[in-house]
Amino acid sequence: MRYQPYDLRRRLYIIFKGEEGLDYGGVAREWFFLLSHEVLNPMYCLFEYANNNNYCLQINPASGVNPDHLLYFKFIGRFIAMALYHGKFIDSGFTLPFYKRMLSKKLTMKDLETIDPEYYNSLVWIKDNNIEECELELFFTVDFELLGKIESHELKPNGADVQVCQENKEEYLRLMTDWRFTRGVEEQTKAFLDGFNEVVPLQWLHYFDERELELMLCGMQDFDIDDWQRNTIYRHYTRTSKQIVWFWQYVRELDNEKRARLLQFVTGTCRLPVGGFAELMGSNGPQKYCIEKVGKETWLPRSHTCFNRLDLPPYKSYEQLKEKMNFAIEETEGFFQE
């Protein structure tokens with residue numbers, strides 16, 4: 001936080017304490033990924049998952065339990081802007097409404113569907129039905145629970161005395177939608193955006209929509225194995241080498257989480273550029289995923305994240321390759337190069 005914004009836009013050179021490795025881009029990628037994993041962790045009560053079925057992040061209204069939470073949000077805003085400016089991916093993505101807020105785009109009731117389907121469905125019911133015929137006694141006020149305490153909020157001045165009817169129902173739905181997106185997070189959102197704006201002016205983002213912004217920050221989520229295979233080069237192996245055939249068999253048998261860890265092991269991040277594997281970047285610009293024949297069958301696979309290269313020893317069986325690869329991607333964390 002003590003650095004000036006222009007310092008954060010300069011060329012980065014990251015060194016992990018106690019680890020050797022030259023940062024030609026791979027170490028910085030891993031640093032952004034690992035640090036974002038920590039600062040965005042819901043365990044710290046700054047962010048929370050949108051709902052039980054949506055693991056995108058949104059600001060936690062209860063973040064005020066930490067008296068320094070606004071300072072943290074400003075720091076995170078600067079950090080996220082650094083990641084965007086330097087073309088690095090973060091570990092966890094935000095909700096689409098949060099990206100729309102970053103872009104100063106108007107949020108609509110439909111945007112609620114992905115983050116709070118129950119709340120969304122209740123508003124849709126009100127919209128589609130005559131609430132006077134249903135004899136609902138609704139007022140321009142709403143109750144919500146925060147840290148075990150029920151609080152009441154008026155949607156407009158003297159809202160507790162204004163009953164909702166067919167005539168003012170649209171206003172009620174609009175105010176309820178606006179409140180749901182801002183409840184208890186106005187100060188945190190402002191701190192985040194202030195920090196972000198210091199490093200990357202928010203007006204620079206107006207050329208993009210929310211999905212493009214998500215892709216620029218998080219990359220692609222699903223892995224196209226055929227695309228991966230098409231954009232991989234080999235050294236001292238060929239496409240038909242038995243170790244390469246086994247490797248792709250191994251990749252296809254992995255679940256998406258393990259594939260992400262394999263990609264992170266070799267490239268320093270589990271995210272892909274918008275253009276897929278064809279646009280992977282290395283220390284000197286575009287650098288395809290590479291598998292090189294190195295070492296003896298007793299060796300573990302090694303990675304060179306700056307060059308997107310996997311050193312794959314000439315294993316004698318598929319079972320041996322699978323065992324060594326599993327150990328490498330599950331037990332190795334942090335930049336590592338033998």
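The values are calculated or read from the model by the stated rules, or taken from the named source; none is laboratory data. Owing to the predicted nature of the structure, the values given are computational and were not obtained by experimental measurement. With ideal geometry, Cβ positions are generated from the backbone for all residues, glycine too; neighbour counts draw on all protein chains shown. We work out accessible area using only protein heavy atoms, side chains counted, and drop any ligands, DNA or RNA first. Shrake-Rupley method; radii C 1.70, N 1.55, O 1.52, S 1.80 Å.
Amide H contacts for residue 139 (H built 1.01 Å from N in the peptide plane; partners 5 or more residues away or on another chain; cut-off under 5 Å): 164. Which angle between 0 and 90 degrees, to the nearest 10, do you get for helix 26-39 versus the longest principal axis of the chain when only C-alpha atoms count? Here the helix axis deviates by roughly 30 degrees. Given a 1.4 Å probe and the protein chains as shown, residue 75 ends up with an accessible area of around 70 Å².
A cut-off of 5 Å between modelled amide H atoms, ignoring neighbours fewer than 5 places along the same chain, links residue 91 with 36, 37.
Rounded to the nearest 10 degrees, the angle from helix 117-128 to the longest Cα principal axis of the chain is 40 degrees. Across segment 150-163, rounded Karplus estimates of 3J(HN,Hα) from the backbone phi angles (6.51 cos²θ - 1.76 cosθ + 1.60, θ = phi - 60°) give 7, 10, 10, 10, 8, 6, 7, x, 6, x, 5, 9, 9, 7 Hz, Gly and Pro being marked x. Label reach from residue 327 (point 7 Å along Cα→C-beta): in segment 295-310, amide nitrogens under 19 Å belong to 295-304, 310. Only Lys, Arg, Asp and Glu carry charge here, each on its Cβ (+1 for the first two, -1 for the last two); on that basis the chain has a dipole of about 2120 debye about its Cα centre. Here the simple spin-label model places points 7 Å from the Cα toward Cβ, and for residue 281 and residue 48 these points are separated by 3.5 nm. Of the DSSP beta bridges with both residues in the chain, give the percent that are antiparallel, rounding to the nearest 5. Beta bridges within the chain, antiparallel portion: roughly 65 percent. Extension gain for the segment residue 139 to residue 121, taken as residue separation times 0.36 nm less the Cα-Cα distance, is 4.6 nm to one decimal.
Along the axis of the charge dipole computed for the chain (Cβ charges of +1 for Lys and Arg, -1 for Asp and Glu, origin at the Cα centre), the listed residues 144, 318, 60 are led at the positive end by 318. Placing R0 at 45 angstrom, the Cβ-Cβ distance between residue 173 and residue 9 gives a FRET efficiency of 0.60 after rounding to 0.05. Judged by the mean number of other Cβ atoms found within 10 Å, the most tightly packed of the peptides 233-246, 83-96, 294-307, 140-153 leads the ranking 83-96, 294-307, 233-246, 140-153.
Relative to the longest principal axis of the Cα atoms of the chain, helix 256-267 runs at roughly 60 degrees.
A straight line joining the Cα centroids of segment 117-189 and segment 204-241 runs 42 Å. With every protein chain left in place, what is the accessible area per residue of segment 153-254 in square angstrom, probe 1.4 Å? Result: 54 Å² per residue. Accessible area ranking (1.4 Å probe, heavy atoms, ligands and nucleic acids excluded), largest first, for 204, 31: 204, 31.
Carbon and sulfur atoms: what percent of the 1.4 Å accessible area of the chain do they account for? That share works out to 50 percent. Given a Förster distance of 45 Å, report the FRET efficiency between residue 255 and residue 183 from their Cβ-Cβ distance, rounded to the nearest 0.05. It comes out at approximately 0.80.
Residues whose amide H comes within less than 5 Å of that of residue 302, counting only those at least five positions distant or on another chain, are 311 (H built at 1.01 Å from N in the peptide plane). Computed extension length for residue 16-residue 288: 95.4 nm, one decimal, from 0.36 nm per residue of separation with the Cα-Cα distance subtracted.
Run lengths n ≥ 4 of DSSP H only: what is the helix-derived mean residue ellipticity at 222 nm for the chain, with -39500 (n - 2.57) per run over all residues, to the nearest 500? Counting only the DSSP helices, I get -12000 deg cm²/dmol.
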